[in-house]
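Written out below as structure tokens is the structure these notes cover.
The values are calculated or read from the model by the stated rules, or taken from the named source; none is laboratory data. Source: prediction; values computed, not measured. Cβ: placed from backbone, ideal geometry, glycine included. Neighbour counts: every protein chain shown. Just so you know, the surface numbers come from the protein's heavy atoms only, side chains and all, with ligands and any DNA or RNA stripped out. Shrake-Rupley method; radii C 1.70, N 1.55, O 1.52, S 1.80 Å.
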Amino acid sequence: MDMESLIAEWGGKLPPGFVRPVGPRTGRSECKFKRCRNKVAIKRDGTPAHACQRCLDRRARSCKRRRAALVAEGGCRRCGYRKRLEDDFLCQRCRGQRDAERGRKRQDAIDAAAIVEFAAQPERVHRASNLDCGVSIWNGRQKPEPSAAYWSPLPDPEPKSQQLWRQSPWDDGWRLSRR
Ligand SMILES: [Zn+2]
Ligand SMILES: [Zn+2]
């Protein structure tokens with residue numbers, strides 16, 4: 001399966017160059033235009049069109065004339081219905097669309113170049129690294145942290161009044177007391 005077919009399949013379309021099998025043309029319906037009894041034309045992809053080839057051509061010529069007249073009056077070259085800007089042949093909206101399309105194409109080209117560059121790299125043997133072996137800072141053991149018990153120990157079982165070393169037998173602290 002080639003790339004074009006893959007792209008067409010993902011897009012839900014037929015690949016370019018695919019010719020639909022043409023069935024029997026006897027059951028073609030009539031042209032939708034008034035006062036025209038011709039059979040409808042067959043489009044390039046094999047499906048029947050809504051009008052005969054003569055009417056289609058006439059319609060296309062009419063659209064071309066109308067568009068040419070609009071452009072001659074200062075209409076946009078692309079849509080024909082809005083006035084074109086000064087110093088440009090497109091209207092504001094068509095210019096924005098054109099810029100968007102150009103940006104899209106440019107980005108597509110950049111992506112394609114990146115893909116081609118990646119595909120052009122020679123295949124290398126995969127060598128196991130430390131990360132593959134599981135040696136990583138994210139797999140390391142957690143650092144020991146001081147727990148709450150360290151910062152707020154249990155109350156001293158010995159009452160302070162019995163801790164004789166807190167009081168000097170010769171100094172009762174009279175200098176520190178308020179009188
Ligand atoms: Zn017709
Ligand atoms: Zn326009």
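Annotations for the structure displayed:
- Pairing residues of segment 123-151 that are in contact (Cβ under 8 Å) with a residue 12 or more places away in the chain with residues that are part of a loop (DSSP other than H, G, I, E, B) and surrounded by 10 or more Cβ atoms within 10 Å (Cβ to Cβ), at Cβ distances under 9 Å and at least 6 apart in sequence or on separate chains, gives no pairs at all.
- Hits in segment 52-68 - residues which are open to solvent by 50 Å² or more (accessible area, probe 1.4 Å) and either assigned to a loop (DSSP other than H, G, I, E, B) or away from ligand 1 (no atom under 16 Å from the Cβ) (or both): LYS64, ARG65, ARG66, ARG67, ALA68
- Members of segment 86-127 that are of a type in the set (D, E, K, R), assigned to a helix (DSSP H, G or I) and exposed (fewer than 10 other Cβ atoms within 10 Å of the Cβ): GLU117
- Residue within segment 92-100 that is modelled with pLDDT of 90 or more and within 16 Å of ligand 1 (Cβ to nearest atom) present: no
- For segment 38-51, a tally of residues being open to solvent by 50 Å² or more (accessible area, probe 1.4 Å), in a loop (DSSP other than H, G, I, E, B) and within 16 Å of ligand 1 (Cβ to nearest atom) returns 3.
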